[in-house]
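Read-outs throughout are calculated quantities, based only on the coordinates presented, and are distinct from any laboratory measurement. Just so it is clear, the model here is predicted, and its values are computed rather than measured. Heads up, the Cβs are rebuilt from the backbone with ideal geometry, glycines too, and the neighbour counts pull from every protein chain shown.
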Amino acid sequence: MNHVRQDLTLIERVAATTPERVARRVRGLSDRAIAWLFVAPTILLLLAINIFPLIWTIHLSFTNYRANRPNAAIKSVGVDNYSSILTDSDIWTAMQATAHFVFWTIVLETLIGFALAYLIDRKFRGHGLWTTVILIPMMLSPAVVGNFWTFLYQPQIGLFNYVISFFTGLDPSSFEMIGSVKLAPWSIIIVDTWMWTPYVMLICLAGLRSIPDYIYEAAEVDRASAWRRFWSITVPMALPFIMLAVLFRGIENFKMFDMVNLLTSGGPGSTTELASITLKREAFEKWHTGYSSAFAIILFVTVFGLANIYVKALNRVKQR
């Protein structure tokens with residue numbers, strides 16, 4: 001009671017020190033107005049962090065601004081930056097490398113992730129332990145993963161080459177994953193699949209766990225085979241979750257930078273130079289700030305447009 005009394009006394013003191021004009025205004029506010037009063041600072045902060053940089057980037061994309069020459073005169077170049085990007089063969093090469101990376105990582109992560117989720121949902125003995133083990137790659141930092149797999153890919157001492165040699169009989173030093181033009185794109189796909197398949201597995205597992213048991217029981221009563229139940233019940237009802245996982249991974253892989261930069265730095269040559277790495281080089285190595293701003297806007301519009309179309313398709317699947 002003493003503690004409650006002290007709290008009341010403190011509240012009374014605060015109320016007593018509040019100016020009467022402010023107190024009357026606060027008492028006259030509706031619940032909605034009070035809610036907006038508390039939410040407004042957060043909204044303003046988010047606008048300052050997200051909207052202002054976007055507007056400033058759009059402005060710079062129409063100029064010749066260079067960040068390493070802040071005192072130089074800034075000239076408007078119209079849409080020259082955009083036209084140069086759309087006709088630059090190096091940019092299209094980077095976009096092709098990005099599309100190859102995004103497509104195969106999504107395919108592999110979705111197939112393997114759903115398969116793992118389906119097996120874990122069977123609740124076999126020790127499934128909890130194996131679930132934790134499978135989630136370990138996702139818990140690691142991309143910097144750690146990049147350095148870790150760089151060591152594994154070493155042709156002389158790396159474990160990856162010796163594992164491939166054990167199954168195929170090839171000489172471990174006869175091939176180099178991150179140094180080969182043909183193998184380097186697949187080296188980054190393997191690493192990303194290893195790291196983020198557990199994430200897809202978790203989303204798919206949530207979809208499988210959301211399917212009511214009585215649906216399977218009704219199918220068993222109708223003597224539907226396990227294969228029939230899988231394709232007629234499991235896959236259709238888990239499809240919205242699978243599509244959600246594809247959306248998340250597609251967006252993340254389209255802007256992938258850190259892991260690939262640590263593994264290959266875009267090499268050999270420009271074989272694994274994704275769009276994000278090209279953007280970094282234009283912005284912070286060549287200091288073409290206006291040009292890189294235009295490229296960033298093009299990437300943003302591309303991702304936003306594709307994601308918007310995909311979300312509409314996802315909503316249609318959910319409404320079925």
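Here the calculated FRET efficiency for Ser76 and Phe103, from their Cβ-Cβ distance with R0 = 30 Å, stands at 0.20, rounded to the nearest 0.05. Put a plus charge on the Cβ of each Lys and Arg, a minus charge on the Cβ of each Asp and Glu, and nothing anywhere else: the dipole of the chain about its Cα centre is then about 1100 debye.
The HN-Hα couplings worked out from phi for the stretch 177-192 by the Karplus form 6.51 cos²θ - 1.76 cosθ + 1.60 (θ = phi - 60°) are 5, 8, x, 9, 5, 7, 8, 4, x, 6, 5, 6, 5, 4, 5, 5 Hz, whole numbers, x standing for Gly and Pro.
Note on Leu86 and Thr42: with the Förster distance fixed at 41 Å, the Cβ-Cβ geometry gives a FRET efficiency of about 0.60. The spacing between the stretch 40-58 and the stretch 98-145, judged by their C-alpha centroids, is 35 Å.
In plain terms, the chain from Tyr216 to Ile164 could stretch by 14.6 nm, reckoned as 0.36 nm per residue minus the Cα-Cα distance. Taking every Cα-Cα distance in the stretch 243-320 and sorting them into 10 Å bins from zero, the calculated P(r) comes out as 17, 38, 28, 13, 3, 0 percent.
Excluding same-chain neighbours fewer than eight residues apart, the lysines reachable from Lys255 by a Cα-Cα span under 29 Å are Lys182, Lys280, Lys286, Lys312, Lys318. Here the simple spin-label model places points 7 Å from the Cα toward Cβ, and for Ala226 and Leu183 these points are separated by 3.8 nm. When the helices of the chain are scored as -39500 (n - 2.57) per DSSP H run of n ≥ 4 and the total is divided over every residue, the value at 222 nm lands at -23000 deg cm²/dmol. With neighbours defined as other Cβ atoms within 10 Å of a residue's Cβ, the residues Trp104, Trp186 order from fewest to most as Trp186, Trp104. Amide H contacts under 5 Å for Thr63: Val77, restricted to partners 5 or more places along the chain or on a different chain, H placed in the peptide plane at 1.01 Å from N. Taking other C-beta atoms within 10 angstrom as a stand-in for reagent exposure, Tyr162, Tyr65, Tyr199, Tyr214 fall in the order Tyr214, Tyr162, Tyr199, Tyr65, fewest first. Kirkwood radius, the stretch 80-319, all distinct C-alpha pairs, inverse of mean reciprocal distance: 20.1 Å. The distance between label points at Ser270 and Trp194 comes to 2.9 nm (points 7 Å beyond Cα on the Cα→Cβ vector).
Largest GNM mean-square fluctuation across Val102, Val260, Val181, computed for the chain with C-alpha springs under 10 Å, falls on Val181.
Of the peptides 281-289, 121-129, 76-84, the ranking by mean beta-carbon count within 10 Å, highest at the top, reads 281-289, 76-84, 121-129.
Between Lys123 and Val311, the simple label model (points 7 Å from Cα in the Cβ direction) yields a spacing of 3.6 nm. Can you sort Ser265, Ser174 so the residue with the fewest Cβ neighbours within 10 Å comes first? Going from least to most buried by this count: Ser174, Ser265.
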